[in-house]
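Notes to accompany the following structure.
The values are calculated or read from the model by the stated rules, or taken from the named source; none is laboratory data. Quick caveat, the model's predicted, so the values are computed rather than measured. A quick note on method: Cβ atoms are made from the backbone with ideal geometry, for glycine too, and the neighbour counts reach across all protein chains shown.
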Amino acid sequence: MNRSQLINELAEKTAISKKDITTILDAFTEMVAEKTKAGDRVFIPGFGSFKPRLQTSRPARNPRNGDVIQLTPRTIVHFKCASLLLEKMNK
């Protein structure tokens, strides 16, 4: 499911306009980015949590020419599903 499909499906299941859903989704994305950039964990009960994680420097291979390069350390966002979401998926 992509972004536009998510917006359309949420609009169908709720009485909220696509424009308002887009605004909410943009605000949510921005808020998660701000909080994880600050080093905070964002936890949504029943859904999961977004947590910043430091990815260390490591070697990688360029698939086009096979050259080995060294990737610089960076912060990534790790998502962990809540157990309730996993239970609903596996019913």
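Quick notes on this one:
- Among residues of the range 37-60 that are closer than 23 Å to THR72 by Cβ and not assigned by TED's automatic domain parsing to the domain that holds ARG74, none has a Cβ under 7 angstrom from a residue that is hydrophobic (A, V, I, L, M, F, W, C) and loosely packed, with under 12 Cβ neighbours inside 10 Å at a sequence gap of 6+ or on a separate chain.
- Scanning the range 23-82 for residues that are among the polar types (S, T, N, Q), assigned to a helix (DSSP H, G or I) and within 15 Å of the chain's Cα centre (by Cα) yields THR29, THR36.
- Where a residue in the range 1-13 is within 14 Å of ILE24 (Cβ to Cβ) and its partner, wherever it lies, is among the acidic types (Asp, Glu) and at pLDDT 95 or above, with Cβ under 6 Å and at least six apart: none
- Of all residues in the range 15-32 being of a type in the set (Ser, Thr, Tyr) and touching a helix residue (DSSP H, G or I) at 6+ places or on another chain (Cβ under 8 Å), the one that is nearest to SER4 (Cα to Cα): THR22
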